[in-house]
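S.K.: Would you mind keeping the following structure in view while I ask a few things?
The values are calculated or read from the model by the stated rules, or taken from the named source; none is laboratory data. Since we're looking at a predicted model, the values are computed, not measured. Please note: Cβ atoms are built from the backbone with ideal geometry, for glycine as well, and neighbour counts cover all protein chains shown.
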Amino acid sequence: MAKGTHDYVDDPRNAEILININGELFPRAEAKISVFDSGFILGDGVWEGLRLHHGKLAFIGQHMKRLYEGAKALDMDIGLTPDQLIEQIYDTCRANQMTTDVHIRLMISRGMKATPYQDPRVTITPPTIVIIPEYKNPDPETLNKGIRLFTVHVRRGYPDVQDPKLNSHSKLNCIFACIQATKAGADEGLMLDPHGFVATCNSTHFFIVRDGEVWTSSGDYCLGGITRGNVIQICRENSIPVFEKNFSLTDVYGAEESFVTGTFAGLAPVKEIDGRVIGEGRRGPMVARLQEFYLKLIDQE
């Protein structure tokens, strides 16, 4: 079954990983949280996806900034400084003897509640902090051949409804988009903003290439993507014209190339959208060039 850019090469070592819950390590089969946890009951929390590359957490400063800003928006005190949390992540990787090709899911919920109710004031414990490291590499076929997208009816909403810049556990709109795209035979859902312009995908950020220019959305209705921002930076540093702007599906269908970005897979080409073949239906020269630049940036980091 297609999982888009999250298709990965299975690694049997993951069966024996140790998972960190509130500073204590548990074997995978024994790692559990309470049914009264805010994250389970309500999706009340924030999270980050991280990569361990040659012993270093890539772009960790940017990830911590986004995480702590999200926690502040939720009026949630994580209880650790960013440096203390980073050290816990490294400790977890060291306990698993991991050095590279590792994807880490860092999840922080508000904590355990006295009763199943949304009011934060019934939370009776400090935040629940979970660190799950796995040996995980993207499927090479995805990075070479590309994925298919389908434009879904679910829109990215206004920030006064649920701010799309908040990387919260509450992802139901993205799940709806993913379900619709899957039912249509695609890998991911392409989501529009309230005005009908292209916003982002359900789990990645979206770009097109037209006349040698790289376009992405205005950013008003999508998460502040770390990889997205780094790709924009790469373009600017290498004299590639890049624009954050409003554009429509008509612009998308006529693009020479398209790609998506995310922490797990980096840059992945898009070969088809809504049944329209994009460009020549395979990875184009701009995407290949940006993939190379991005890998160099990770090594520098």
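S.K.: Name every residue in region 193-212 that is outside any loop (DSSP other than H, G, I, E, B) and crowded, with 21+ Cβ neighbours inside 10 Å, in order of residue number.
M.R.: So in region 193-212, the residues outside any loop (DSSP other than H, G, I, E, B) come out as 198-201, 205-210.
Within region 193-212, V198, A199, T200, C201, H205, F206, F207, I208, V209 qualify.
S.K.: OK, next. If you scan region 68-81, which residues turn out to be among the basic types (K, R) and touching a residue at least 40 places away in the same chain (Cβ under 8 Å)? Even if it seems obvious, please write down each step before you answer.
M.R.: Taking region 68-81 and keeping what is among the basic types (K, R), we get 72.
Residues satisfying the conditions do not exist here.
S.K.: Further, regarding this structure: Can you report the number of residues in region 273-287 which are assigned to a helix (DSSP H, G or I) and either surrounded by 14 or more Cβ atoms within 10 Å (Cβ to Cβ) or within 21 Å of the chain's Cα centre (by Cα) (or both)?
M.R.: We begin by selecting, within region 273-287, every residue assigned to a helix (DSSP H, G or I); these are 285-287.
Within this subset, residues satisfying the condition of being either surrounded by 14 or more Cβ atoms within 10 Å (Cβ to Cβ) or within 21 Å of the chain's Cα centre (by Cα) (or both) are 286-287.
Looking only at that region, the number is 2.
S.K.: Also, quick follow-up: What number of residues in region 91-102 are in a helix (DSSP H, G or I) and either surrounded by 17 or more Cβ atoms within 10 Å (Cβ to Cβ) or of a type in the set (G, A, S) (or both)? Talk me through it step by step, then tell me what you get.
M.R.: Step one: of region 91-102, the residues in a helix (DSSP H, G or I) are 91-95.
Restricting the remaining residues to those that are either surrounded by 17 or more Cβ atoms within 10 Å (Cβ to Cβ) or of a type in the set (G, A, S) (or both) gives 92-93, 95.
Looking only at that region, the number is 3.
S.K.: Here is a follow-up. Restricting attention to region 52-67, does a residue exist that is free of Cβ contacts under 8 Å to residues at least 40 places away in the same chain, closer than 28 Å to G189 by Cα and of a type outside the set (V, I, T)?
M.R.: yes
S.K.: Moving on to the next point. Tell me, please, whether a residue that is outside any strand (DSSP E or B), at pLDDT below 95, of a type in the set (D, E) and closer than 22 Å to H63 by Cβ can be found in region 152-164.
M.R.: Within region 152-164 (the criterion being outside any strand (DSSP E or B), at pLDDT below 95, of a type in the set (D, E) and closer than 22 Å to H63 by Cβ), the answer is yes, since at least one residue qualifies.
S.K.: If we scan region 57-78, do we find a residue that is closer than 27 Å to D139 by Cα, among the hydroxyl-bearing types (S, T, Y) and within 22 Å of the chain's Cα centre (by Cα)?
M.R.: No: region 57-78 contains no residue that is closer than 27 Å to D139 by Cα, among the hydroxyl-bearing types (S, T, Y) and within 22 Å of the chain's Cα centre (by Cα).
S.K.: Based on this model, can you work out whether V35 counts as buried (at least 17 other Cβ atoms within 10 Å of the Cβ) and under 26 Å from P120 (Cα atoms)?
M.R.: Numbers: buried (at least 17 other Cβ atoms within 10 Å of the Cβ): no; under 26 Å from P120 (Cα atoms): yes.
Considered against the rule, which asks whether it is buried (at least 17 other Cβ atoms within 10 Å of the Cβ) and under 26 Å from P120 (Cα atoms), V35 comes out as no.
S.K.: Another question, if that's okay. With respect to P138, is the statement that it is under 30 Å from L295 (Cβ atoms), touching a helix residue (DSSP H, G or I) at 6+ places or on another chain (Cβ under 9 Å) and not hydrophobic (A, V, I, L, M, F, W, C) true?
M.R.: Working: under 30 Å from L295 (Cβ atoms): yes; touching a helix residue (DSSP H, G or I) at 6+ places or on another chain (Cβ under 9 Å): yes; not hydrophobic (A, V, I, L, M, F, W, C): yes.
Yes.
S.K.: Another question, then. Inside region 226-256, can you point out the residues that are within 16 Å of E301 (Cβ to Cβ) and touching a His at 6+ places or on another chain (Cβ under 8 Å)?
M.R.: Scanning region 226-256 gives I226, T227, R228.
S.K.: Here is a further query. Can you tell which of I86, I131 is part of a strand (DSSP E or B), surrounded by 13 or more Cβ atoms within 10 Å (Cβ to Cβ) and either without any contact (Cβ under 8 Å) to a residue 60 or more places away in the chain or assigned by TED's automatic domain parsing to the domain that holds L50 (or both)? Give the derivation first.
M.R.: On the way: I86 fails: part of a strand (DSSP E or B).
Being part of a strand (DSSP E or B), surrounded by 13 or more Cβ atoms within 10 Å (Cβ to Cβ) and either without any contact (Cβ under 8 Å) to a residue 60 or more places away in the chain or assigned by TED's automatic domain parsing to the domain that holds L50 (or both) holds for just one of I86, I131, which is I131.
S.K.: Does at least one position in region 146-157 carry a residue that is surrounded by 21 or more Cβ atoms within 10 Å (Cβ to Cβ) and over 18 Å from E256 (Cα atoms)?
M.R.: Within region 146-157, one or more residues are surrounded by 21 or more Cβ atoms within 10 Å (Cβ to Cβ) and over 18 Å from E256 (Cα atoms).
S.K.: How many residues are within 19 Å of L67 (Cα to Cα), without any contact (Cβ under 8 Å) to a residue 40 or more places away in the chain and assigned to a loop (DSSP other than H, G, I, E, B) if we restrict to region 213-231? Give the steps one after another, and end with the answer.
M.R.: Going residue by residue through region 213-231, those that are within 19 Å of L67 (Cα to Cα) are 219-230.
From what's left, without any contact (Cβ under 8 Å) to a residue 40 or more places away in the chain: 219-220, 225, 228.
If we keep only those that are assigned to a loop (DSSP other than H, G, I, E, B) as well, we get 219-220, 225.
Of the residues in region 213-231, 3 are within 19 Å of L67 (Cα to Cα), without any contact (Cβ under 8 Å) to a residue 40 or more places away in the chain and assigned to a loop (DSSP other than H, G, I, E, B).
S.K.: A follow-up question, please. Of the numbered conditions (1) surrounded by fewer than 21 Cβ atoms within 10 Å (Cβ to Cβ); (2) at pLDDT below 95, G266 fails exactly one; give the number of that condition.
M.R.: All conditions are met except number (1).
S.K.: Can you name the number of the only condition in (1) within 19 Å of D44 (Cβ to Cβ); (2) surrounded by fewer than 18 Cβ atoms within 10 Å (Cβ to Cβ); (3) at pLDDT 95 or above that I179 fails?
M.R.: Result: I179 fails condition (1) only.
S.K.: Here's something else I'd like to know. Within region 134-151, which residues are acidic (D, E) and not in a helix (DSSP H, G or I)?
M.R.: Residues satisfying the conditions are E134, D139.
S.K.: When the residues of region 239-272 are narrowed to those that are in a strand (DSSP E or B) and hydroxyl-bearing (S, T, Y), which ends up farthest from G49 (Cα to Cα)? Spell out how you get there, then give the answer.
M.R.: First, pick out the residues of region 239-272 that are in a strand (DSSP E or B): 242-244, 257-262, 266-272.
Keeping just the survivors that are hydroxyl-bearing (S, T, Y) gives 258, 261.
On the way: S258: 23, T261: 13 Å.
It comes out as S258.
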